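Working notes for the structure below.
The values are calculated or read from the model by the stated rules, or taken from the named source; none is laboratory data. Predicted model, so just to flag it, every value in this text is computed and none were measured. Cβ atoms come from the backbone with ideal geometry, glycine included; neighbour counts cover every protein chain shown. Each accessible area value is taken on the protein alone, full model and side chains, heavy atoms only, with ligands, DNA and RNA left out. Shrake-Rupley method; radii C 1.70, N 1.55, O 1.52, S 1.80 Å.
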Amino acid sequence: RLRHAPVVLRTAGVGLCIVALARPQGARELGETSSEGIDIVLALDMSGSMQEPDMFPDRFTVEKDVVRSFIGKRENDRVGVVVFGSEAYPLCPLTSDHKLLDQMLADLELSHMPETMQNTAIGDALTSALARLEKSDAASRVIVLVTDGMDNESDVDPLDAAAEAKAQGIRVYTVLLGVQGEVVVPQAVDLLGNPIRLGAPQTYPTDPQLLKDIASKTDGAFFE
């Protein structure tokens, strides 16, 4: 019964050698990723004024929600983050790992900033953001500044920093956090979590004009 085995095995061996020499490749599905080639540094205000309740439940919570949503839509761009109060600090270098970045932002709290960092240094924040983009060779480089606009402790004048951004071909988009004019602050929430606004209207400081000037000087845009 085994008299034909040597012939069969020899034939099978030759066949396998032929297959091996052909170097078969596993099927692979190739996809092309579209990228706009944008490097973005977010400059996020973590000064004491971000505790103001004119935006529900406070400015800082709204800031995090807006920024995390924005990052989620920039799938093919690198994003870095600078945080600032009286001084500016890099939180995360330019990265395409948006999941990690989102977690870092989710964990961020105003209490992480020292009490000595309660003022707002917008010029220093822009300078720090520019440094993060210094070695970038992206087709487009952008800074998104999110703040109430009330600069009160910059070593570098915000408009001088904006002029440097313009010289480097970097656009600055500014986002105002805060309500202009009077607002009734929520005193409680209903069963669905919606704010219940009671009491007399109050005014909380913002400086939209500075943010408009920064955006205009760098050919960016102002958002409220």
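Quick one: is Asp54 out of contact with any helix residue (DSSP H, G or I) (no Cβ under 9 Å at 6 or more places or on another chain) and open to solvent by less than 50 Å² (accessible area, probe 1.4 Å)? Walk me through how you get there before you give the answer.
On the way: out of contact with any helix residue (DSSP H, G or I) (no Cβ under 9 Å at 6 or more places or on another chain): yes; open to solvent by less than 50 Å² (accessible area, probe 1.4 Å): yes.
Against the criterion (out of contact with any helix residue (DSSP H, G or I) (no Cβ under 9 Å at 6 or more places or on another chain) and open to solvent by less than 50 Å² (accessible area, probe 1.4 Å)), Asp54 qualifies.
With the requirement that a residue be under 15 Å from Ala121 (Cβ atoms), open to solvent by less than 40 Å² (accessible area, probe 1.4 Å) and not aromatic (Phe, Trp, Tyr), what does segment 71-102 give you?
Val82, Val83, Gly85, Ser86, Ala88 - these are the residues of segment 71-102 that are under 15 Å from Ala121 (Cβ atoms), open to solvent by less than 40 Å² (accessible area, probe 1.4 Å) and not aromatic (Phe, Trp, Tyr).
Counting just the residues of segment 187-224 that are of a type in the set (Ser, Thr, Tyr) and surrounded by 13 or more Cβ atoms within 10 Å (Cβ to Cβ), which one comes out farthest from the chain's Cα centre (by Cα)? Step through it out loud before you land on a result.
Quick first cut of segment 187-224, residues of a type in the set (Ser, Thr, Tyr) only: 203-204, 206, 216, 218.
Filter again for surrounded by 13 or more Cβ atoms within 10 Å (Cβ to Cβ), leaving 204, 206, 216, 218.
On the way: Tyr204: 26, Thr206: 22, Ser216: 21, Thr218: 19 Å.
Top of the filtered list is Tyr204.
Got a sec? Which of Leu110, Leu133 is open to solvent by less than 40 Å² (accessible area, probe 1.4 Å), aliphatic (A, V, I, L, M) and farther than 26 Å from Ser216 by Cβ? Even if it seems obvious, please write down each step before you answer.
Details: Leu133 fails: farther than 26 Å from Ser216 by Cβ.
On inspection, the qualifying residue turns out to be Leu110.
Checking the conditions here, which among Leu105, Leu100 is more than 19 Å from Ile143 (Cβ to Cβ) and hydrophobic (A, V, I, L, M, F, W, C)?
Going through Leu105, Leu100 in turn, the sole match is Leu100.
Pull out all pairs, ordered by first then second residue, where Cβ-Cβ is under 6 Å, the residues are six or more apart or on different chains, the first lies in segment 157-186 and is at positive phi and open to solvent by less than 10 Å² (accessible area, probe 1.4 Å), and the second is among the β-branched types (Val, Ile, Thr) and at pLDDT below 95.
Gly178/Thr206
Using the structure shown, decide if Val146 is in contact (Cβ under 8 Å) with a residue 40 or more places away in the chain and either within 24 Å of Asp219 (Cα to Cα) or surrounded by 23 or more Cβ atoms within 10 Å (Cβ to Cβ) (or both). Quick ask: steps written out before the conclusion?
Details: in contact (Cβ under 8 Å) with a residue 40 or more places away in the chain: yes; either within 24 Å of Asp219 (Cα to Cα) or surrounded by 23 or more Cβ atoms within 10 Å (Cβ to Cβ) (or both): yes.
Answer is yes for this residue.
Conditions (1) in contact with a strand residue (DSSP E or B) (Cβ under 7 Å, 6 or more places away or on another chain); (2) modelled with pLDDT of 60 or more; (3) not hydrophobic (A, V, I, L, M, F, W, C), marked per residue:
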{"site": "Arg10", "(1), (2), (3)": "no, yes, yes"}
{"site": "Ile18", "(1), (2), (3)": "no, no, no"}
{"site": "Gly26", "(1), (2), (3)": "no, no, yes"}
{"site": "Met50", "(1), (2), (3)": "no, yes, no"}
{"site": "Phe60", "(1), (2), (3)": "no, yes, no"}
{"site": "Lys64", "(1), (2), (3)": "no, yes, yes"}
{"site": "Arg68", "(1), (2), (3)": "no, yes, yes"}
